[in-house]
Amino acid sequence: MNPLNPLRAGLDDERLAPPCAIVIFGASGDLTRRKLVPALYHLQISRMLAPGSAIVGFARKSATDAEFREEQREATMQHARSKPVDPESWSTFESSLFYVQGAFDDASGFERLKSQLERIDATHGTRGNRLFYLATPPEFFGPISRMLASAGLIGDPTDSASFTRVIVEKPFGHDLESSRVLDRALHEVLHESQIYRIDHYLGKEAVQNLLAFRFGNAIFEPLWRRENIDHVQITVAEEIGIEGRGKFYEGAGATRDIIQNHLFQLLMLVAMEPPSAFDADSVRDEKVKVLRALRPMARERISELTARGQYGRGTLGGAPLTAYREEPDVNPDSRTETFAAMRIDIDNWRWQGVPFYIRTGKRLTRRVSEVAVRFKAIPVALFGRSQAETAPNELVLRIQPDEGITLRVAAKQPGSRMLLRDVNMDFRYGTTWGRTSADAYERLILDALLGDATLFARNDEVDESWRYITPILEYWQEMPAPGFPNYSSGTWGPAAAEALVERDGRRWRRP
Ligand code: BG6
């Protein structure tokens with residue numbers, strides 16, 4: 001037990017953030033209400049935020065502190081992961097919530113913010129520590145950081161007495177060119193060590209467990225290579241549609257929304273070499289090498305190596321669902337893809353000849369994110385026909401829901417004959433640890449407060465991922481969409497996705 005603070009008894013395996021003023025730009029938005037404030041509230045009740053921490057919402061709309069607190073209270077009651085929200089804990093938490101009204105291009109709002117932060121330093125002991133969370137569309141990242149710099153709110157990165165850090169939300173740009181422009185804008189006023197590009201997938205327990213699984217066990221790493229693995233499938237499937245985000249999604253599509261970031265993060269963690277240490281640079285150095293080794297998709301092979309789709313009408317659990325083109329704020333002739341799949345090849349010693357099939361889509365049969373590693377088939381079937389009917393070993397790392405790991409092996413069925421069947425060896429988070437995992441945002445905000453960037457994307461990773469994806473997006477833009485809508489809501493996606501793997505003599509898993 002920590003003798004200095006008995007309140008932290010039992011939490012010695014957890015970490016405590018230093019006192020800091022956390023400023024959220026885009027404070028009237030959905031992300032703030034659904035994710036950020038509930039995450040900060042949970043950090044506070046789990047005693048991981050230092051006493052004296054303060055949260056300042058900044059947005060264009062006019063509101064008082066009291067109105068902002070009320071709005072966030074209602075949202076947290078709805079979205080908190082542990083309910084009901086305890087009124088006493090909330091009231092302690094909300095006394096540190098403040099609001100500053102301002103537009104992102106108006107210097108006077110930033111002056112007001114500066115005065116508020118100075119007051120907070122004096123009353124809360126935050127000592128000039130600032131975490132700015134840019135929960136805004138990417139076109140505001142540059143203007144906001146410039147305004148912060150002009151108001152004198154960005155500290156020197158080498159200052160050891162206090163820190164300034166900036167979390168930027170995805171999407172980080174729209175293509176290679178725009179992400180570079182964005183990166184230059186941020187670097188005009190910030191050092192790379194002050195920039196935290198969030199990808200909430202990296203905050204998920206089961207995603208971090210991929211690293212623990214690979215590099216915390218001796219038995220898997222020797223198998224983790226071309227000699228033993230036939231192929232890998234990575235799926236991020238969603239049951240939901242676009243949930244009223246038509247305007248955003250029309251400009252994004254499945255590839256920009258999920259593949260360039262969440263899916264590529266999973267790909268890097270599965271394919272990377274062991275890092276020399278578990279720190280931000282060592283881990284990210286190895287991750288980016290995976291992206292550098294991706295075989296660029298030759299233009300003439302894009303249609304063969306990718307599949308795209310858009311959902312039409314359908315049903316789920318008997319309920320009728322509308323088509324993407326019928327969603328609010330969506331062009332009735334939209335060519336935006338709501339499903340994308342690709343075959344990716346990695347040209348390095350470990351993975352040469354092992355295809356990575358990735359897919360994501362909205363309005364699919366069920367919500368499931370997973371990595372499935374399919375091993376090679378046995379060389380000789382000793383046990384006759386029943387063995388020939390068993391499938392090759394498969395390791396499935398389930399990211400969500402039902403987080404866990406399953407290994408499929410062949411086993412003898414009880415009885416007098418040597419009959420083999422597939423069985424599963426299963427590890428489940430829920431039953432093993434007996435507690436619910438923190439939300440990804442809790443973990444990542446805490447890491448940013450502690451100055452640990454291991455689970456954030458570095459600029460070279462973002463650059464490499466856009467370098468790979470942009471020619472595909474450009475090609476799709478030029479080529480007419482293939483008969484959209486081309487899959488019904490509630491199914492596993494377009495026939496083209498099946499053809500993509502069947503061409504190689506393989507099949508998608510049906511999770
Ligand atoms: C977001 C995307 O980044 O991730 C959404 O913009 C998507 O479209 C969401 O629904 C999925 O996150 P999760 O944690 O529910 O898998």
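Considering (1) at positive phi; (2) at pLDDT 95 or above, the lone condition that residue 58 does not fulfil carries the number (1). Restricting region 184-214 to residues that are surrounded by fewer than 20 Cβ atoms within 10 Å (Cβ to Cβ) and charged (D, E, K, R) leaves a set whose member that is nearest to the ligand (Cβ to nearest atom) is 205. The single condition among (1) at pLDDT 95 or above; (2) open to solvent by 40 Å² or more (accessible area, probe 1.4 Å) that residue 166 does not satisfy is (2). Apart from one condition, residue 153 fits all of (1) within 16 Å of the ligand (Cβ to nearest atom); (2) assigned to a loop (DSSP other than H, G, I, E, B); (3) open to solvent by less than 30 Å² (accessible area, probe 1.4 Å); the exception is (1). If the condition is being surrounded by 14 or more Cβ atoms within 10 Å (Cβ to Cβ), more than 18 Å from residue 144 (Cβ to Cβ) and not β-branched (Val, Ile, Thr), then region 99-130 contributes 121, 124, 125, 127, 128, 129.
Scanning region 234-247 for residues that are open to solvent by 10 Å² or more (accessible area, probe 1.4 Å) and either touching a helix residue (DSSP H, G or I) at 6+ places or on another chain (Cβ under 8 Å) or within 11 Å of the ligand (Cβ to nearest atom) (or both) yields a count of 5. Contact map, region 291-308: residues that are in the same structural domain as residue 496 (by TED's automatic domain parsing) and hydroxyl-bearing (Ser, Thr, Tyr) paired with residues that are in a strand (DSSP E or B) and surrounded by 14 or more Cβ atoms within 10 Å (Cβ to Cβ), Cβ distance under 6 Å, separation 6+ or inter-chain. Pairs shown: 306/342. Counting residues in region 47-55 that are closer than 24 Å to residue 19 by Cβ, modelled with pLDDT of 95 or more, of a type outside the set (Lys, Arg) and open to solvent by less than 50 Å² (accessible area, probe 1.4 Å) gives one or more.
Can you tell me which residue in region 416-467 is nearest to residue 54 (Cα to Cα), limited to those that are open to solvent by 50 Å² or more (accessible area, probe 1.4 Å) and hydrophobic (A, V, I, L, M, F, W, C)? Only one residue tops the list, namely 450.
Is it fair to say residue 413 is open to solvent by 40 Å² or more (accessible area, probe 1.4 Å), assigned by TED's automatic domain parsing to the domain that holds residue 208 and over 25 Å from the mean Cα position of the chain (by Cα)? Against the criterion (open to solvent by 40 Å² or more (accessible area, probe 1.4 Å), assigned by TED's automatic domain parsing to the domain that holds residue 208 and over 25 Å from the mean Cα position of the chain (by Cα)), residue 413 does not qualify. It is to be established whether one or more residues within region 140-150 are in a loop (DSSP other than H, G, I, E, B) and at pLDDT 95 or above. Within region 140-150, not a single residue is in a loop (DSSP other than H, G, I, E, B) and at pLDDT 95 or above.
One residue alone among 286, 250 is away from the ligand (no atom under 16 Å from the Cβ), over 15 Å from residue 360 (Cβ atoms) and assigned to a helix (DSSP H, G or I), and that residue is 286. When 431, 454 are screened for being outside any strand (DSSP E or B) and either aromatic (Phe, Trp, Tyr) or without any contact (Cβ under 8 Å) to a residue 24 or more places away in the chain (or both), only 431 passes.
The values are calculated or read from the model by the stated rules, or taken from the named source; none is laboratory data. Just so you know, these numbers come straight off a predicted model, no measurement behind them. Note that we place each Cβ from the backbone using ideal geometry, even for glycine, and neighbour counts take in every protein chain shown. Surface areas here come from the heavy atoms of the whole protein model, side chains and all, with no ligands, DNA or RNA. Shrake-Rupley method; radii C 1.70, N 1.55, O 1.52, S 1.80 Å.
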